[in-house]
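Participant: Right, I'll just put the structure down here and ask away after.
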Amino acid sequence: MEKITIRKVLKKYQRGERLVMVTAYDYPTAKLVDQAGVDMILVGDSVGMVVLGYPSSNQVTMKDMLHHVSAVARANPRAMVIGDMPFGSYEASNEEAVRNAVELVRAGAEAVKLEGGQEVVDRVRAIIKAGIPVMGHLGLTPQKRHLLGGYRLRGKTEQEAKELLEDAKALEDAGAFAIVIEYVKADVAKKITESVNIPTICIGAGPHCSGQVLVLHDILGLSEMRPPFAKVYFDCSKAIREAVQKFAEEVREGKFPSEEYYR
């Protein structure tokens, strides 16, 4: 199978194919989700909460992101690899945004994602001018949750819906190749999707977008705090507990290692 590039992502969108994006943060999970046939792997700043034990994504640093992007890239996935720009890596200036986006690409990212709408279009343009594709992120933007009043559904008021639509159009005009829409009312996400000519990748924003994304640890039941819009497809936490309990039991009873496991 050929490598999925930004060109192939956009061709799939133009053909009306639903796009699939999943987060992964390390070599083995990147291998597995790629073998499962996803279109894009997002190395998200959600790594902070689901892997590193931070209280939020705001504690994630560029060092963290570079470490995890490089681990995913070493899996050499067919899927397109997108690296999240963490909190504090792009707000100060265009120059800092470009510098950090370049570092993510050097680590193996093939595009970067950043949060925000009209307030970040200058950053988006600068990063694209440097030759790096940019994915936008609207709606519930976790890095800005304090400003938004917490983790809450967006687009509930007419004014919010209007602002989200304007933000999406601004990101498209700035050159973003796709937009993540997180935890937005489904009818608002539908209107945004119909109003732009780039893919919208939804998470908790209904079925009307160009594609969907979920955090791998939510899919596998491994997240301590799972959002209400995440579906568990297999409870890995139970399977892991049971396997380790069985190992511990066999060690304590002297059943492991049996002769077949040593020489």
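The values are calculated or read from the model by the stated rules, or taken from the named source; none is laboratory data. Here the structure is a predicted model, which means the values were calculated and not measured. Positions of Cβ are backbone-derived with ideal geometry, glycine not excepted, and every protein chain shown enters the neighbour counts.
Participant: Give just the number: which of (1) under 18 Å from residue 114 (Cβ atoms); (2) assigned to a loop (DSSP other than H, G, I, E, B) does residue 206 not satisfy?
Facilitator: Status for residue 206: all satisfied but (1).
Participant: Next up: In the stretch 13-39, which residue that is under 24 Å from residue 196 (Cβ atoms) and touching a residue at least 60 places away in the same chain (Cβ under 8 Å) is surrounded by the most Cβ atoms within 10 Å (Cβ to Cβ)?
Facilitator: 23
Participant: Applying the selection to the stretch 110-119, what residues are crowded, with 20+ Cβ neighbours inside 10 Å, in contact (Cβ under 8 Å) with a residue 40 or more places away in the chain and not in a strand (DSSP E or B)?
Facilitator: Looking only at the stretch 110-119, we keep the residues that are crowded, with 20+ Cβ neighbours inside 10 Å, and these are 110-117.
Now narrow it down to the ones that are in contact (Cβ under 8 Å) with a residue 40 or more places away in the chain: 110-111, 113, 116-117.
Passing the criteria: 110, 117.
Participant: How about the stretch 123-140: which of its residues are in contact (Cβ under 8 Å) with a residue 40 or more places away in the chain and surrounded by fewer than 20 Cβ atoms within 10 Å (Cβ to Cβ)? It would help to see each step written out before you state the result.
Facilitator: Step one: of the stretch 123-140, the residues in contact (Cβ under 8 Å) with a residue 40 or more places away in the chain are 124-125, 128, 133-140.
The answer is 125, 128.
Participant: Checking the conditions here, which among 171, 104, 165 is touching a Lys or Arg at 6+ places or on another chain (Cβ under 7 Å) and either surrounded by 15 or more Cβ atoms within 10 Å (Cβ to Cβ) or basic (Lys, Arg) (or both)? Spell out the reasoning first.
Facilitator: Values: 171 fails: touching a Lys or Arg at 6+ places or on another chain (Cβ under 7 Å); 104 fails: touching a Lys or Arg at 6+ places or on another chain (Cβ under 7 Å).
Within the list 171, 104, 165, the selection yields 165.
Participant: Within the stretch 182-190, does at least one residue satisfy the condition of being assigned to a loop (DSSP other than H, G, I, E, B), at pLDDT 95 or above, of a type in the set (A, V, I, L, M, F, W, C) and assigned by TED's automatic domain parsing to the domain that holds residue 135?
Facilitator: No, the stretch 182-190 has no match at all.
Participant: From the list 174, 186, which residue is without any contact (Cβ under 8 Å) to a residue 40 or more places away in the chain, within 30 Å of residue 8 (Cβ to Cβ) and small (Gly, Ala, Ser)?
Facilitator: The match here is 186.
Participant: Restricting the stretch 184-200 to residues that are touching a Ser or Thr at 6+ places or on another chain (Cβ under 7 Å) and of a type outside the set (A, V, I, L, M, F, W, C), which is farthest from residue 160 (Cα to Cα)?
Facilitator: 199
Participant: If the requirement is being part of a loop (DSSP other than H, G, I, E, B) and over 29 Å from residue 8 (Cβ atoms), which of these qualifies: 91, 95?
Facilitator: Testing whether each residue is part of a loop (DSSP other than H, G, I, E, B) and over 29 Å from residue 8 (Cβ atoms) leaves just 91.
Participant: Assuming residue 185 fulfils every condition listed in (1) surrounded by 19 or more Cβ atoms within 10 Å (Cβ to Cβ); (2) out of contact with any Pro (no Cβ under 9 Å at 6 or more places or on another chain); (3) closer than 21 Å to residue 112 by Cα apart from one, which condition is it?
Facilitator: Failing condition for residue 185: (3).
Participant: For the stretch 154-162, check the following and say yes or no: at least one residue is surrounded by 22 or more Cβ atoms within 10 Å (Cβ to Cβ) and assigned by TED's automatic domain parsing to the domain that holds residue 81.
Facilitator: yes
Participant: Among 192, 240, 179, which is out of contact with any Lys or Arg (no Cβ under 9 Å at 6 or more places or on another chain), β-branched (Val, Ile, Thr) and within 21 Å of residue 116 (Cα to Cα)?
Facilitator: Result of the check over 192, 240, 179: 179.
Participant: I need the full set of residues from the stretch 219-250 which are free of Cβ contacts under 8 Å to residues at least 60 places away in the same chain and surrounded by 13 or more Cβ atoms within 10 Å (Cβ to Cβ), in order please.
Facilitator: 220, 221, 226, 229, 230, 232, 236, 237, 240, 250
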